[in-house]
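Comments concern the structure below.
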Amino acid sequence: MSEAIRPAEDVRRSSLRGRLGQALPIIVLAPSLVASFVYVFVFAIWTFYISLSNSSLLPSYGFVGFGKYVTLWSNTRWKIAYSNLFLFSGLYVVLAILIGLGLAIAIDQRVRGEAIWRTIFLYPLAVSFAVTGTVWAWLYSPDAGIEFLVRSFGWSDFTFRLTTDRNLAIYAIIATGIWQSSGFAMALFLAGLRAVDPDLVKAAQIDGASAYRTYRKVIIPTIAPIFIAVAVVLLQFAIKTFDLVAALTQGGPGISTQFPANYVYDLMFQRGQIAEGAAAAMMMLAALAVVLVPYSLWLVWRRRRESGHG
Amino acid sequence: MAEAVLHAPAVDPAATLAARRYFLGRLGVYSFLTVFAFIYVLPLFVIVANSFRPLPEIIQNGLI
């Protein structure tokens with residue numbers, strides 16, 4: 001409206017500047033967009049091609065086909081690693097969310113010394129997985145850790161040896177992962193609980209809802225998006241798990257706690273079988289896609305539905 | 001009359017019940033937090049405590 005009254009030159013200059021201003025976000029974002037495109041898609045496609053090639057110690061480009069995938073899936077160690085990935089991801093994400101939510105709800109009951117509790121539950125996140133794994137390996141160790149302590153009190157046939165039992169070692173890794181990450185879930189849930197409209201809670205209380213019912217029917221549905229955010233972040237922690245296993249059990253006892261990331265590292269850098277390692281890496285990408293593709297489709301669907309209603 | 005009003009809340013069974021329920025709730029919340037805080041702090045405690053102990057003693061007496 002105001003542009004119509006201005007002289008012609010002024011309009012042209014301001015429209016040039018306006019166009020530049022409109023393009024500025026794209027210009028600023030372009031380098032990082034290009035970089036993410038190259039690092040995600042180009043390298044993923046390159047890895048896929050390598051997995052079909054005859055690479056051994058160094059990448060080479062002779063096309064072979066899907067033979068490496070067959071070799072990979074005929075290996076028991078890989079099958080154990082892949083099923084461990086699903087067991088670990090499922091239990092780790094669900095239990096970290098439940099414990100994090102429990103802690104957040106407990107802290108949200110106007111407890112004294114809230115900052116102290118929060119710090120205690122959040123500090124493991126500042127510790128790397130490698131250090132976490134090392135410390136817990138000491139605690140789980142029968143010769144020096146919890147078992148040794150309890151036996152020294154006089155309970156001489158007490159057993160607590162998670163990492164030396166091949167059926168239980170995976171649960172030791174899950175428990176340690178939860179120890180590390182549930183504080184993160186707690187922090188996000190606490191932020192969500194604080195953001196819930198107090199009027200909603202008051203309305204539920206006036207209607208005579210018990211505390212349990214208020215949480216289940218009012219507060220938790222309100223913070224539902226946080227569950228998804230936490231689950232996605234934890235899931236990508238879970239799928240790239242490497243250092244936790246390397247420090248805690250080294251994939252043992254036997255091959256019971258092999259993980260895909262450790263397997264890929266072993267094939268690529270220890271055994272010089274880059275093609276099979278790339279095939280294993282592609283299978284990890286597939287595991288991630290199984291979760292992330294439905295999630296992004298759901299996001300698109302929800303946005304469409306919301307804009308449809310609006 | 002005034003005395004009766006003053007004494008009335010002290011024997012009100014509903015109020016005692018509510019107070020007891022509140023106390024139990026607090027106890028539950030704090031014990032839940034304490035149990036988890038113990039598990040979360042244990043590794044840190046082990047690291048800090050062992051950093052002050054000589055190696056032979058750690059080998060002999062264990063880490064904790």
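The values are calculated or read from the model by the stated rules, or taken from the named source; none is laboratory data. These figures come from a predicted structure and were not determined experimentally. Positions of Cβ are generated from backbone atoms using ideal geometry, with glycine treated the same way; all protein chains shown enter the neighbour counts.
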Checklist entry - Out of region A:109-128, which residues are in a helix (DSSP H, G or I), facing chain B (nearest Cβ under 10 Å), in contact (Cβ under 8 Å) with a residue 12 or more places away in the chain and surrounded by fewer than 18 Cβ atoms within 10 Å (Cβ to Cβ)? => result A:122, A:123
Item to check | Considering residues of region A:216-248 that are in contact with a Gly (Cβ under 8 Å, 6 or more places away or on another chain) and in a loop (DSSP other than H, G, I, E, B) only, the residue modelled with the lowest pLDDT | outcome: A:241
Next on the checklist: I'm checking my understanding of the structure. Among residues of region A:156-188 that are part of a helix (DSSP H, G or I) and away from chain B (no Cβ under 14 Å), which one is surrounded by the fewest Cβ atoms within 10 Å (Cβ to Cβ)?
Outcome noted: A:171
Next on the checklist: One residue is enough: does region A:130-139 have a residue meeting the conditions within 13 Å of another protein chain (Cβ to nearest Cβ), hydrophobic (A, V, I, L, M, F, W, C), buried (at least 19 other Cβ atoms within 10 Å of the Cβ) and under 22 Å from the mean Cα position of the chain (by Cα)?
Outcome noted: yes
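Of everything in region A:189-204, what is assigned to a helix (DSSP H, G or I) and of a type in the set (Asp, Glu)? Give them in sequence order.
Taking region A:189-204 as the starting set, the residues that turn out to be assigned to a helix (DSSP H, G or I) are A:189-195, A:198-204.
The one that is assigned to a helix (DSSP H, G or I) and of a type in the set (Asp, Glu): A:199.
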Checklist entry - What about residue A:153, is it more than 10 Å from every other protein chain (Cβ to nearest Cβ) and over 22 Å from residue A:187 (Cβ atoms)? => result yes
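I'm trying to understand the selection: among the residues of region B:17-64, which are of a type in the set (S, T, N, Q), free of Cβ contacts under 8 Å to residues at least 12 places away in the same chain and surrounded by 14 or more Cβ atoms within 10 Å (Cβ to Cβ)?
None - no residue of region B:17-64 is of a type in the set (S, T, N, Q), free of Cβ contacts under 8 Å to residues at least 12 places away in the same chain and surrounded by 14 or more Cβ atoms within 10 Å (Cβ to Cβ), so the list stays empty.
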Checklist outcome for this item: The condition of being surrounded by 15 or more Cβ atoms within 10 Å (Cβ to Cβ), at the interface with chain B (Cβ under 10 Å from one of its Cβ atoms) and part of a loop (DSSP other than H, G, I, E, B) holds, among A:106, A:144, A:209, only for A:144
